[in-house]
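The values are calculated or read from the model by the stated rules, or taken from the named source; none is laboratory data. None of these values were measured; they are calculated from a predicted model. Cβ: placed from backbone, ideal geometry, glycine included. Neighbour counts: every protein chain shown. Side chains are part of the model used for accessible areas, which takes the heavy atoms of the whole protein and leaves out ligands, DNA and RNA. Shrake-Rupley method; radii C 1.70, N 1.55, O 1.52, S 1.80 Å.
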Amino acid sequence: MGGIVIHLPQGSGDAGAEPYAEDAVTLRLGPGEVARFGRGSATTPVELRLVDEAISRLAGEIRVTDDHWQLTNHSATQSYLVENPEGAGEYLRVPPRRAGTPIPFEFSRVVLPTRRNTTVAFQVFAPDHVYLDPDAMGGPWESRTVTAYSLDETATYFLVLVALCEPRLRDESPVAVPTTPQIVERLKGHAACARLTARAVSSHIDYLAEEKMRISTPAGCEPGSRAARRNGKREAIVGLALRFGLVHEEHLALLPPRTVV
């Protein structure tokens, strides 16, 4: 199983308001690892620092297991929400002092209340979920075959994957793999992607490469070249997806209609 990716964007309140997060933070945790969140202090260090007086110094923690993650609420008074942004309004309420709540969603949004008119939130990409081979006919677990690449075709990361592969699927071979801004532009007409940002797309690409497809940074990229690593990662994702048939022409119907210039 893979680990999880936690993304805290910089500033998640109303426009012009003081940001809840001083800086954007992206954390990667493996099984058994823990990340704490809250206002923090010199004596209470946290990995995710949330700037709001209504949030406890140590508001909670996330713990990773082999196949899911757990949320502990350290607050004595406040409940937290864990939303499934890609579901039909699904969410879990984690009550005060609840320890080790298992979270089943593959992509989650953890929401904390504040004293303002907005909430503060961060995103969690869950461990790689395992799906049984659809042709498996019962029998003990040890005898069943699981899929090598467990992709959820209803998830936003799959739309990002299809957008990455689109030029090759349409036989536009000379066209380079789309950049992050191009993917944002391509998907903005989709109902689920109207508020998709470049940073979110980059997180989806990282999740695809490192958790779903288990792709390392391609050889030959200069260690100090961030652009080279990013381009190499997108190329590797598209190459693997098309070689193994993870994305095919029928999936293009998931994308919004292309704008004719």
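Given the structure, is Val34 buried (at least 19 other Cβ atoms within 10 Å of the Cβ) and either in contact (Cβ under 8 Å) with a residue 12 or more places away in the chain or small (Gly, Ala, Ser) (or both)? Answer is no for this residue. The residues of the stretch 78-100 that are small (Gly, Ala, Ser), in contact (Cβ under 8 Å) with a residue 12 or more places away in the chain and open to solvent by 50 Å² or more (accessible area, probe 1.4 Å) amount to a single one, Ala99.
Within the span defined as the stretch 67-77, one or more residues are within 26 Å of Glu211 (Cβ to Cβ), modelled with pLDDT under 90, open to solvent by 30 Å² or more (accessible area, probe 1.4 Å) and not aliphatic (A, V, I, L, M). Once the stretch 37-64 is narrowed to residues that are of a type in the set (Lys, Arg) and open to solvent by 80 Å² or more (accessible area, probe 1.4 Å), the residue that is nearest to the chain's Cα centre (by Cα) is Arg63. Just give me the residues in the stretch 233-261 being in contact with a Pro (Cβ under 9 Å, 6 or more places away or on another chain) and either closer than 14 Å to Gly189 by Cβ or open to solvent by 20 Å² or more (accessible area, probe 1.4 Å) (or both), in sequence order. Across the stretch 233-261, the qualifying residues are Lys233, Glu235, Ala236. Look at (1) more than 13 Å from the chain's Cα centre (by Cα); (2) modelled with pLDDT under 85; (3) under 26 Å from Ala241 (Cβ atoms) and you find that Pro127 fails only one, number (1). When Ile103 is tested against (1) among the hydrophobic types (A, V, I, L, M, F, W, C); (2) at pLDDT 90 or above; (3) open to solvent by 50 Å² or more (accessible area, probe 1.4 Å), only condition (3) is not met.
Close contacts from the stretch 45-59, counting a first residue that is among the polar types (S, T, N, Q) and at pLDDT below 90 and a second that is crowded, with 19+ Cβ neighbours inside 10 Å and assigned to a loop (DSSP other than H, G, I, E, B), with Cβ to Cβ under 6 Å and a gap of 6+ residues or different chains, come to none at all.
Please enumerate the residues belonging to the stretch 156-181 that are under 23 Å from Ala200 (Cα atoms), β-branched (Val, Ile, Thr) and out of contact with any Asp or Glu (no Cβ under 7 Å at 6 or more places or on another chain). Those that are under 23 Å from Ala200 (Cα atoms), β-branched (Val, Ile, Thr) and out of contact with any Asp or Glu (no Cβ under 7 Å at 6 or more places or on another chain): Val160, Val162, Thr179, Thr180.
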